[in-house]
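Asks: First the structure, which I've put down as structure tokens, then a few questions once you've had a look.
Nothing in this text is a laboratory measurement; each read-out follows from the coordinates by a stated rule. Not measured: the values here are computed from a predicted model. Don't worry about glycine lacking a Cβ; one is built from the backbone with ideal geometry, like all the others, and counts go over all protein chains shown.
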Amino acid sequence: MMKITVEKLIYGGKGIGKIDEKVCFVPYVLPEEEVEVDIIREKKSFYECVPVQIIKTSPYRKEPVCRYFTYCGGCDYLHIDYEKQVEYKNEIFVETLKRVGKLDNIPVLEPVSSPENLYYRNRAQFKIRGEKIGFFKKESREIVNIDYCYLLKKELNDALSGLREILPFFSFQPVEAQVYSSSENRTVVKFLFPKNIKKVPLGLKHMKAFLGESLEGFGMYLIKDGYARRINFVGSPFVYETVGDYRFRVSADSFFQVNRFQVKNLIDLVENEMKKDSISVAFDLYSGVGTFSIPMGRYAQKVFGVEINPYAVQDANHNRKLNKATNVFFHRASASDINRFMIKKNPELVLLDPPRTGIDSNTLKALLQIKNLRKIIYISCNPATLARDLSKLTENGFTVVSTRFIDMFPHTYHIESLTILEK
Ligand SMILES: C[S@@+](CC[C@H](N)C(=O)[O-])C[C@H]1O[C@@H](n2cnc3c(N)ncnc32)[C@H](O)[C@@H]1O
């Protein structure tokens, strides 16, 4: 057994310390704690460790609310006081921008904590194998059987109990059940199978008897190469989200922001930015169901949303009518294939909200060719790809006016942020 002093937390959730000048990574610790650790893996330049005993405890350590913590891979920070967690994640965010993007002197605004840090998730992906339903262990494919998750809204925990009862009725077991419960408390469920399942296990009425009357519908999906293809859907695949005075239809196959308490804060921040300038044309790349494009339409003469997922584009087209956003238009395309159209439309403002991979080189090239482009709002869920992209944008005439961490995922290492660039 070795003793280390934890220097800081790093992206991914672990803390780092040193054993004989060699870096060691250890989960579930806090900065300045002295910890006895076991080395579980030795690599050329680092050790992977597990904590065995905390010798000097941080004043910010708290009793985790969940008994599965450290077994279940869902949470990284349940042992840390919430406001301190936000501080640590903010430090990791700023440090990543510096280290990866060489962005040293950029204005960093106060982080936006989540108004509630428990029961915030509106969506869950329950893994299933035999009798086990739950989440993967950290860095493993082993399922931790759980009966409750403190990050999920009540309706998702209710659905988890229902799933346990319903699975014996399936002649072939799904490997995953994805449950989504909207702000209006309507639910859709996706069952993912490793092979093509023709037969629907139960009708909607029976499924509701187990999963609750709020169930709008459920679908059977074939999972192949990490991609879930819809085989069939029973009932309605749509639920509705109310955010302030906006309403969005979201299908079971579309993305929607996962923290139900932070969506409005994100939209408010985008709106505040839109209000500052008079904008004739704006683009929203990676627009989903129109969560930002539709609010942007209140402040720009015309907005074009670009989204690759056909279900999300159908929802977005429905949502433009629902919200009377007749000046907002949606295109089904990959952001990287829209170059010519976007350059021709010559927007003054582009909002980017890409997946974790960030923006690709084609999209970046297009942004640099837009003559009128003065402002970029970059919403990111991965500080490393954000840093890479900001670095390229700042090398090519843009300045980071502000950046801030927005805690969309309390108790996990994930870092969402909103950055404003101007030219
Ligand atoms: C982080 S989500 C943001 C969605 C939306 N802005 C929102 O807040 O609800 C990223 C979106 O990008 C879409 N997407 C992924 N790759 C894309 C691409 N190459 N071109 C356009 N959209 C893409 C996904 O389908 C998803 O809807």
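Asks: What does the highest-first list of 243-250, 375-382 look like by mean Cβ count within 10 Å?
Replies: Descending packing order for the listed peptides: 375-382, 243-250.
Asks: Taking amide H positions as placed 1.01 Å from N in the peptide plane, with prolines and chain starts having none, which residues 5 or more places from SER114, or on another chain, fall under 5 Å of its amide H?
Replies: ASP407
Asks: Considering only DSSP states other than H, G, I, E and B, which chymotrypsin sites (Phe, Trp or Tyr not before Pro) in the stretch 72-150 qualify as loop sites with at most 13 other Cβ atoms within 10 Å?
Replies: Sites meeting the loop and neighbour criteria: TYR148.
Asks: Would you mind ranking THR403, THR326, THR96, THR5 by Cβ crowding within 10 Å, fewest neighbours first?
Replies: THR326, THR5, THR96, THR403
Asks: Moving on. Is it possible to state the helix-based mean residue ellipticity at 222 nm for the chain, with each DSSP H run of 4+ residues giving -39500 (n - 2.57), the sum divided by total residues, to the nearest 500 deg cm²/dmol? What is it?
Replies: One gets -7000 deg cm²/dmol as the mean residue ellipticity at 222 nm.
Asks: Subtract the Cα-Cα distance of SER140 and LYS324 from 0.36 nm times their separation in residues, and report this length gain in nm to one decimal.
Replies: 61.6 nm
Asks: Please sort 299-307, 349-357, 23-31, 391-399 by packing, taking for each peptide the average over its residues of neighbouring beta carbons within 10 angstrom, highest first.
Replies: Ranking, from highest mean packing down: 299-307, 23-31, 349-357, 391-399.
Asks: Students often forget the sequence filter, so: which lysines lie under 18 Å Cα-Cα from LYS276 once same-chain residues fewer than 8 apart are removed?
Replies: LYS302, LYS375, LYS423
Asks: Sort CYS149, CYS75 so that the residue with the fewest other Cβ atoms within 10 Å of its own Cβ comes first and the one with the most comes last.
Replies: By the 10 Å Cβ count, ascending, the order reads CYS149, CYS75.
Asks: Let me ask something else about it. What share of the DSSP beta bridges in the chain is antiparallel, in percent to the nearest 5?
Replies: 65 percent
Asks: For LYS62, which sequence-distant residues (separation of 5 or more, or a different chain) have an amide H within less than 5 Å of its own amide H, given hydrogens modelled in the peptide plane?
Replies: So LYS62 has HN proximity to ILE80, ASP81.
Asks: With 10 angstrom as the radius, rank ARG129, ARG41, ARG141 by how many other C-beta atoms surround their C-beta, starting from the fewest.
Replies: Listing ARG129, ARG41, ARG141 from fewest to most nearby Cβ atoms yields ARG141, ARG41, ARG129.
Asks: Calculate, for ILE55 and GLU83, the FRET efficiency according to 1/(1 + (r/R0)^6) with r their C-beta to C-beta distance and R0 25 Å; round to the nearest 0.05.
Replies: Rounded to the nearest 0.05, the efficiency is 0.50.
Asks: Which aspartates and glutamates have a Cα lying under 19 Å from the Cα of LYS127, excluding residues fewer than 8 positions away in the same chain?
Replies: Straight-distance partners of LYS127: ASP76, GLU139, GLU142, ASP147, GLU155, ASP158, GLU165, GLU176, ASP225, ASP253.
Asks: Determine ³J(HN,Hα), in whole Hz, for all residues of the stretch 125-140 in sequence, where each value follows from phi through the Karplus function 6.51 cos²θ - 1.76 cosθ + 1.60 and θ = phi - 60°; x replaces Gly and Pro.
Replies: 10, 7, 7, 10, 8, x, 7, 8, 10, x, 10, 5, 5, 4, 6, 8
Asks: A follow-up question, please. Averaging sequence separations of C-alpha pairs under 8 Å and six or more residues apart, then dividing by the length of the chain, give the relative contact order as a whole percent.
Replies: 13 percent
Asks: In whole Hz and in residue order, list the ³J(HN,Hα) couplings for the stretch 58-75 that follow from phi through the Karplus curve 6.51 cos²θ - 1.76 cosθ + 1.60, θ = phi - 60°; x for Gly and Pro.
Replies: Ordered by residue, 3J(HN,Hα) equals 5, x, 9, 6, 9, 5, x, 6, 10, 6, 8, 4, 6, 8, 7, x, x, 10 Hz.
Asks: Between the stretch 222-268 and the stretch 172-204, what's the alpha-carbon centroid distance in Å?
Replies: 14 Å
Asks: Here's something else I'd like to know. Can you grab the distance from the C-alpha centre of the stretch 87-157 to the C-alpha centre of the stretch 1-77, Å, no decimals?
Replies: 18 Å
Asks: Check the stretch 14-88 and count each lysine pair with an alpha-carbon distance under 18 angstrom, considering only pairs eight or more places apart or from different chains.
Replies: So the count works out to 12.
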